[in-house]
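**Student:** One structure, as structure tokens, below. Some questions next.
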Amino acid sequence: MCGIAGFLNLSKTNFEIDQNLLNKMQQSLYHRGPDDFGIWKSDKYQIGLVHRRLSIIDLSSCACQPMSDKQKTVIICFNGEIYNHLDLRKQLNSFGYKYFSNSDTESLIYAYKHWGIDFLDHLDGMFAISLFDLQKNELYLIRDRIGVKPLYYSEQENILSFASEIKALWRLPWNKKKINDESLYHYLTFMCAPAPNTIFDKVFKLPAGYYLKVNSSRIVHKKQWYCPLNIFQKKDENQNELYDENYCIEKIEGLITQAVKKRMISDVAVGAFLSGGVDSSLNVALMSQFSKKIKTFTVAFNDDIRSNELKWARLISKNFDTDHHEIIISEKEAFDFYNTMVYQLDEPLADCVCIPFYYVAKLAKDNGITVTQVGEGADELFFGYSTYAKYKNFYDIYWSPTQRIIPNIIKKFLYKTYKNIFSKNTHYVEMLRNWSNNRFLFWGGAIAFNEHQKKIIFKNKNFDSFHILNSHLYDLKKVKSNADFINQLTYLELKQRLPELLLMRADKMSMAASIESRVPFLDYKIVEFMLKVPSKLKFKNGVNKYLLKKVAEKFLPHEIIYRKKIGFAAPTYHWFEHGKYFPLYYKNLLNNSKKQKKFFSPTINNLENVYNVSKFSFAVQKWTLQNFFALK
């Protein structure tokens, strides 16, 4: 729902708030809200706010933004949905607040007036909020608990600018575009720039569960208002119950059912992306309990038979009597969209799923759908990937025992001795180096270049991406000192890959098609519960996603639940090895990109020299580089 933007003068020298600049900002966010827009500015307070509207709750003009209370004490621009807004409304009504609309936005205003910034603890939803308190002369920028909705900001020339997308920031003349070397280095690792940084110097993204406050003295500071680890400080559950498999299955079913149900709240039709895997199929099964003839949407590639899941999606559609729609795209269609994808992402996000995600979102929009439910987060929370299992088995059998037993001085010696033996496979060299330095085995579910490879291709060699994940692990171990491998893996994914890669792609690609994506599996109550569930129930008897599959047995055919996992992806390997469009495009970018010459060594022209192993296709690495080189 929607796009927000604005700027606030932080200096003591006043200037006229330029309506034309605000108008340019809202125009750049048109795709996020094609239904309406609004602008509010105040020379007195030296602030301007803009809003693009995608009408979902209360379709009338009463719900337009920027919105203020009748007393003109608070003004708000809001992107997202508050799923408990009807309950909030009843509560706030009882406190004496009188509504003029049926929107969830209005509840935010009164909740803030009643509880102050602690109103955030009362919200259940996904959101990015800009809220200006005219009485206190204070601005808040707020991102939701899990990071479903993005919010960017920049402080340049003593002006704080902010927006749902970075492109709106470039419409302001004081914001300068410059690549941040260290962010680029980390991007090469994680396929996205870790929060709070972006790929651009002096442009930041608010981390999940944080707010930024500008007080009346125009002092800026950030605060974490929500951390999922706080659940370990609560004693709201009998610990013995968490080891009871049946209890966990029943609890998870209830939580997911409620998560799906509340995400059905809308004044427009709600559809679902359907791959035919466990997550999307279970989502459709539960949605069907609350609505008839749901529209479902599936995407496939005509040149990638292995990842084609149309058969399974059709089976689920038939089982639950959905109004099913499919789209099959070619390499040419993917290539034709590619530069638009780069533009819509704003900064490099090296996830090839962006392409099928956009096409299935557009398919939904073309068929009258404005809101969809998607399956993001289930694999990360429920230990769903086979790669996770491989990491865990290796960690348990080799990594952890040898790290405990072998002294550090001997580990260092072994690294120096054997690194040359493994020089033909930089993956092994990197693992050996991490092992010898007592670093964590798992760095993320989406890694492009490791540290050893980056030292070869990247000109600046003084950076190290390990501190990104180490800071998250430090926070985890402060509250859960006995966190095991699965605990650590899950938390790393929750803090890095999910909010900055997977949820970013979902937001940017769905909004590019002017639809809203809702993520029931990342309901914060599910997140908190799964952080407490013992690891032995998440991966049991060699079965990935054990608990979720047990829940699914009540709703889905056995063949859907226990078939081989394919995963939502695009055939980048096929494109780079056998394609007609992407290989030439990649080669042209490599030969002509000024960024390539500035940031990388000549070695990058032949990635085989980085690996020294010819059997690798380097598709992930090429896609990562191409996304950066294509950036305008």
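**Student:** State to the nearest 20 debye the size of the charge dipole of the chain about its Cα centre, where the only charges are +1 on K and R beta carbons and -1 on D and E beta carbons.
**Tutor:** Magnitude of the dipole: close to 1740 debye.
**Student:** What is the distance, in nm, between label points placed 7 Å from the Cα along the Cα-to-Cβ direction at Q27 and at S471?
**Tutor:** Once both label points are built, they end up 3.7 nm from each other.
**Student:** Do any chymotrypsin sites (Phe, Trp or Tyr not before Pro) in segment 163-194 lie in a DSSP loop with no more than 14 other beta carbon atoms within 10 Å, and if so, which?
**Tutor:** For chymotrypsin sites (Phe, Trp or Tyr not before Pro) across segment 163-194 that sit outside H, G, I, E and B with at most 14 neighbouring Cβ atoms in 10 Å, the list reads W174.
**Student:** For segment 84-139, which trypsin sites (Lys or Arg not before Pro) pass both filters: DSSP loop (anything but H, G, I, E, B) and at most 16 other C-beta atoms within 10 Å?
**Tutor:** Those that pass, being in a loop and sparsely packed, are K98, K136.
**Student:** Which value in nm describes the separation of the simple spin-label points at D464 and T603, placed 7 Å from the Cα toward the beta carbon?
**Tutor:** Taking the simple label geometry, D464 and T603 are separated by 1.8 nm.
**Student:** Something else about it: Convert each backbone phi in segment 238-254 into a coupling constant with the Karplus relation 6.51 cos²θ - 1.76 cosθ + 1.60 (shift: θ = phi - 60°), then list the ³J(HN,Hα) values in order as whole Hz, x for Gly and Pro.
**Tutor:** Rounded to whole hertz, the list is 5, 4, 5, 4, 5, 8, 8, 4, 5, 4, 5, 4, 5, 5, 5, 4, x.
**Student:** Hey, got the dipole for segment 3-226? About the Cα centre, +1 on K and R Cβ, -1 on D and E Cβ, debye to the nearest 20?
**Tutor:** With Lys and Arg at +1 and Asp and Glu at -1, about 360 debye.
**Student:** Give the order of S400, S60, S130, S514 when sorted by the count of other beta carbons within 10 angstrom, beginning with the fewest.
**Tutor:** In increasing order of surrounding Cβ atoms, one gets S60, S400, S514, S130.
**Student:** Give the lysines reachable from K424 as a straight Cα distance under 18 Å; neighbours fewer than 8 places away on the same chain don't count.
**Tutor:** K416, K454, K455, K615
**Student:** Run the paramagnetic zone check for F422: 7 angstrom along Cα to Cβ, then residues of segment 183-202 with backbone nitrogen under 20 Å.
**Tutor:** Residues passing the 20 Å test: 189-190.
**Student:** Give the dimensionless ratio obtained when the Cα radius of gyration of segment 3-226 is divided by 2.2 N^0.38 Å.
**Tutor:** Normalised by 2.2 N^0.38 Å, the Cα Rg of segment 3-226 equals 0.98.
**Student:** Provide M264, M341 in ascending order of the number of other Cβ atoms located within 10 Å of each residue's Cβ, fewest first.
**Tutor:** Ranking M264, M341 by Cβ neighbours within 10 Å, fewest first, gives M264, M341.
**Student:** Additional query: Work out, in µm²/s and without decimals, the Stokes-Einstein translational diffusion coefficient of segment 163-232 at 10 °C, 1.306 mPa s, Rh from Kirkwood over C-alpha pairs.
**Tutor:** This corresponds to a translational diffusion coefficient of 113 µm²/s.
**Student:** Something else now. Would you kindly derive the ³J(HN,Hα) couplings of segment 54-63 from the backbone phi angles with the Karplus curve 6.51 cos²θ - 1.76 cosθ + 1.60 (θ = phi - 60°), listing them in order in whole Hz, with x for Gly and Pro?
**Tutor:** These are the phi-based 3J(HN,Hα) values: 10, 6, 10, 10, 6, 7, 7, 5, 4, 9 Hz.
**Student:** Okay, next question. Between L414 and D366, what is the spin-label point distance in nm, taking each point 7 Å from the Cα along the Cα→C-beta axis?
**Tutor:** 5.6 nm
**Student:** Right, here's the next one. Using the Karplus curve 6.51 cos²θ - 1.76 cosθ + 1.60 with θ = phi - 60°, what ³J(HN,Hα) values do you get for each residue of segment 411-419, in whole Hz, with x for Gly and Pro?
**Tutor:** Each residue of segment 411-419 in turn: 4, 4, 5, 5, 4, 5, 6, 9, 5 Hz.
**Student:** Still on this structure: Which value, in nm² and rounded to one decimal, describes the direction-averaged projected area of the C-alpha convex hull of segment 476-632?
**Tutor:** Directional mean of the projected Cα hull area for segment 476-632 stands at 14.3 nm².
**Student:** Can you list residues whose amide H is under 5 Å from F440's amide H, if they're 5+ apart or on another chain and H is modeled 1.01 Å from N?
**Tutor:** The list, which skips near neighbours in sequence, is empty: none.
**Student:** Restricting to DSSP H runs of at least four residues, report the calculated mean residue ellipticity at 222 nm for the chain, -39500 (n - 2.57) per run over all residues, nearest 500 deg cm²/dmol.
**Tutor:** Value at 222 nm, helices only: -11500 deg cm²/dmol.
**Student:** Could you list which residues have their amide H under 5 Å from that of D323, counting only those 5 or more apart in sequence or on another chain, with H placed in the peptide plane?
**Tutor:** I294, K295, T296
**Student:** Out of segment 1-70, which trypsin sites (Lys or Arg not before Pro) are coil in DSSP terms and have no more than 15 other C-beta atoms within 10 Å?
**Tutor:** Filter output for segment 1-70: K12, K44, K70.
**Student:** Check cross-link reach from K234 to the aspartates and glutamates: straight Cα distance under 12 Å, and skip same-chain residues fewer than eight apart.
**Tutor:** Counting by Cα, and skipping residues close in sequence, K234 has these aspartates and glutamates nearby: E528.
Here, each number is a calculation from the coordinates, and none is a lab measurement. Model, not experiment: these values are computed from the prediction. We place every Cβ from the backbone using ideal geometry, glycine too, and count neighbours over all the protein chains shown.
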